[in-house]
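Asker: Below is one structure. I have some questions about it.
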Amino acid sequence: MREHKILITGTMGAGKTTAIAAISDTPPISTDVANSDRSVNKLTTTVGLDYGELSLPNGEKLRLYGTPGQERFSFMWTILAEGALGVVILIDNSRPDPLADLLVYIKGLEQLMREAGCVVAVGRTETHPEPSLDDFGQTLEQHGLMCPVVTVDVRQRDQVLSVLDLLLMQIEAKQ
Amino acid sequence: MSDDVEIDPRLRKNCEQWVEKLMSQVQGLRGMVIATADGYEVAASAMQGGQTSRIAAMASSISALGQVVGQESALGNSQFVLIEAEQGYLAVLPVHHSSTSLIIGIMASKEAVAGQVLHFGRQCAQALAQSS
C-alpha cells in the first residue's frame, strides 16, 4: 500500500490538532500540554506532534503529521518535514498579523514548500476577512512560491478533506 | 521566558534552589533546566552556548513524546526519558505539581552515573510536586 507523509503546520490556535482529528480514521496521537502563554486564549498547546491516518478511496494512505505551532519548536518542523510529500499551512486570520505568521512558515519550511506540494488554508475569514486570500497569494509570490490559498473551517471534515484533495493535486503536479 | 507566562514566585524559587543543589552535588552534571510542560524555562543553570530556552523547548517535546509512547504502548505514564549520546546523557522527568506541570531536563557528561542522575532527578521531581 502506498503511503504519503503530509505535514500540517501553522500558528498556535490555527487548528492543526482539530484538522487532523476531523479526518483521521483512528483517534489521533496528540502531545497537547497545558498552555502557559496567557497572551493566547487556549487551554492546551502541542509540543511534540499530532499524528493521524487517512485511507484514500484508491487504497493509498495519508500519514498526517501535525507540528507544534510556536516558533520555539521550529526544530520539530525540520524533523517532521523530513520525507513529507506535501505541507498544509493553516493560518488563523483573527491573529494580529496573519501575513507575518505566514512569513514565519515560509522562513522555516521554504525548501519543503518549493519541492513538495503546498497549500495555504486560512481560517476564521468569515469574521476576519482581512488580509484577503489575494494578499496571501502576493506574499507567497514575493518569495517565488506558488501555492494555492483557500479558506477553511477545520472543524468541518469535508472542508479539511477538500484542502487535502487540493494538496494531493499539487503533489501530483510536481511529480 | 515570555512575559506572558506566569509562574508562582515560590515555585520558581524552589526550582532555582533545586537546580543549584543538583549542580553542586551531582558529579558530572553539565547543565540543568526546569521548564513548564510547554517548554518555557523556569530555572536553569548556565550552559555552554546559552541555549537554555531551546533545551527547555526540546525537553518538553521529549517529555510529551515519552508520555504518548507510554500510553500508546499501554505501558502507562512515562516516568522519565533517558537519552544516551556519545559524550553524555540527557534525562527528562515530568513533575506533577498541583498547579503547574513542569519538566526537568538534566544534562550530564559520561563521568556521571546515569542511575545517580535519575535518582536525584526523581528526588527533585517529587519535592517540587509536593511543594506549595
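Asker: Just to confirm my filter: which strands (runs of 3 or more DSSP E) fall fully inside segment A:1-53 and include at least 3 residues that are modelled with pLDDT of 90 or more and more than 24 Å from residue A:106 (Cβ to Cβ)?
Answerer: Correct list: A:32-34.
Asker: I want to confirm something. Restricting to segment A:147-168 and keeping residues that are without any contact (Cβ under 8 Å) to a residue 24 or more places away in the chain and surrounded by 13 or more Cβ atoms within 10 Å (Cβ to Cβ), which single residue is nearest to residue A:22 (Cα to Cα)?
Answerer: It comes out as A:159.
Asker: Same structure, new question: Which residues, taken from segment B:73-128, are over 22 Å from residue A:48 (Cβ atoms) and among the small types (Gly, Ala, Ser)?
Answerer: B:88, B:98, B:99, B:108, B:109, B:112, B:114, B:115, B:127
Asker: Could you tell me how many of the residues in segment A:54-86 are in contact with a strand residue (DSSP E or B) (Cβ under 7 Å, 6 or more places away or on another chain) and assigned to a helix (DSSP H, G or I)?
Answerer: 3
Asker: Would you mind telling me which numbered condition in (1) over 18 Å from residue A:7 (Cα atoms); (2) at pLDDT 95 or above residue A:59 fails?
Answerer: (2)
Asker: For the subset of segment B:88-107 comprising residues that are among the small types (Gly, Ala, Ser) and away from chain A (no Cβ under 14 Å), which member is farthest from residue B:6 (Cα to Cα)?
Answerer: B:88
Asker: Among the residues of segment A:124-138, is any out of contact with any helix residue (DSSP H, G or I) (no Cβ under 6 Å at 6 or more places or on another chain), closer than 27 Å to residue A:55 by Cβ and at pLDDT 95 or above?
Answerer: Within segment A:124-138 (the criterion being out of contact with any helix residue (DSSP H, G or I) (no Cβ under 6 Å at 6 or more places or on another chain), closer than 27 Å to residue A:55 by Cβ and at pLDDT 95 or above), the answer is no, since none of the residues qualifies.
Asker: Which strands (runs of 3 or more DSSP E) does segment B:1-87 wholly contain that include 2 or more residues that are buried (at least 20 other Cβ atoms within 10 Å of the Cβ) and within 14 Å of chain A (Cβ to nearest Cβ)? I'd like the intermediate steps shown before the answer.
Answerer: On the way: elements: B:29-36, B:41-44, B:81-85.
Strands (runs of 3 or more DSSP E) meeting the threshold: B:29-36, B:41-44.
Asker: Tell me the residue from A:50, A:37, A:25, A:32 that is acidic (Asp, Glu) and surrounded by 22 or more Cβ atoms within 10 Å (Cβ to Cβ), please. Working first, answer last.
Answerer: Working: A:37 fails: surrounded by 22 or more Cβ atoms within 10 Å (Cβ to Cβ); A:25 fails: surrounded by 22 or more Cβ atoms within 10 Å (Cβ to Cβ); A:32 fails: surrounded by 22 or more Cβ atoms within 10 Å (Cβ to Cβ).
Matching residue, one of A:50, A:37, A:25, A:32: A:50.
Asker: Sticking with this structure for a sec: Being buried (at least 22 other Cβ atoms within 10 Å of the Cβ) and either under 17 Å from residue A:7 (Cα atoms) or of a type in the set (Val, Ile, Thr) (or both) is the filter here, so list the residues in segment A:113-146 that pass it.
Answerer: Scanning segment A:113-146 gives A:113, A:117, A:118, A:119, A:120, A:121, A:122.
Asker: Further question on the same structure: Within segment A:48-59, identify whether any single residue is more than 15 Å from residue A:24 (Cα to Cα) and touching a helix residue (DSSP H, G or I) at 6+ places or on another chain (Cβ under 9 Å), and answer yes or no.
Answerer: Yes, there is a match, as at least one residue in segment A:48-59 is more than 15 Å from residue A:24 (Cα to Cα) and touching a helix residue (DSSP H, G or I) at 6+ places or on another chain (Cβ under 9 Å).
Asker: State the number of residues belonging to segment B:107-132 that are assigned to a helix (DSSP H, G or I) and loosely packed, with under 13 Cβ neighbours inside 10 Å.
Answerer: Matching residues across segment B:107-132 total 3.
Asker: Restricting to segment A:61-97, name every residue that is within 11 Å of another protein chain (Cβ to nearest Cβ) and surrounded by fewer than 20 Cβ atoms within 10 Å (Cβ to Cβ).
Answerer: Passing the criteria: A:71, A:72, A:74, A:75, A:79.
Asker: Related question: Residue A:115 is checked against (1) within 14 Å of another protein chain (Cβ to nearest Cβ); (2) under 19 Å from residue A:167 (Cβ atoms); (3) acidic (Asp, Glu) and fails just one. What number does that condition carry?
Answerer: (1)
The values are calculated or read from the model by the stated rules, or taken from the named source; none is laboratory data. What you see is a predicted model; the values in this text were computed from it and never measured. Positions of Cβ are backbone-derived with ideal geometry, glycine not excepted, and every protein chain shown enters the neighbour counts.
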